[in-house]
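Here the structure is laid out as structure tokens; the discussion comes afterwards.
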Amino acid sequence: MTVRPTDEGLVVKYSWTEMDRIHRRVARKMLEQRYVPDVILGIMRCGQVPAIHLSYILGVRKVASILVKTTPSDAPLTEERIEPEVTIHVPAD
């Protein structure tokens, strides 16, 4: 189980309105550069919501995920590091 940091100043908080504005800004920049990906890659846990939201905004149906583990546990603010473990999940077409 993940435990929140005791120092609330270390927790970044955004409202849904702020998240929507950020995602739409990213999507607009991508479209301005005429870049529309075949797949959106979300970083597991906190990165899945932005990835899925971007997929809806851009009309990209395929969303994949990547999990990168660099600590031995989910304990917040853990300083101990391990060799990175990477797991990638890409759904079939």
Checklist entry - To the nearest 10 degrees, how steeply does helix 16-32 sit against the main Cα axis of the chain, on a 0 to 90 scale? => result 50
Checklist entry - So which trypsin sites (Lys or Arg not before Pro) in region 30-93 end up in coil per DSSP with only 16 or fewer other C-beta atoms within 10 Å? => result Arg34, Arg45, Arg61, Lys62, Arg81
Checklist entry - Counting other Cβ atoms within 10 Å of each Cβ, which chymotrypsin sites (Phe, Trp or Tyr not before Pro) in region 12-93 have at most 13 and sit in a DSSP loop? => result Tyr14, Tyr35
Checklist entry - What dipole magnitude, in Debye to the nearest 20, does the chain give about its Cα centre under +1 on Lys/Arg Cβ and -1 on Asp/Glu Cβ? => result 560
Checklist entry - What share of the DSSP beta bridges in the chain is antiparallel, in percent to the nearest 5? => result 55
Item to check | Packing-based ranking, highest mean first, of 20-28, 83-91 given that Cβ atoms within 10 Å are counted | outcome: 20-28, 83-91
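Read-outs: derived from the displayed coordinates by stated rules, not from any lab. Remember, predicted model here, so these are calculated numbers, not experimental data. Note that each Cβ is placed from the backbone with ideal geometry, even for glycine, and that neighbours are counted across all protein chains shown.
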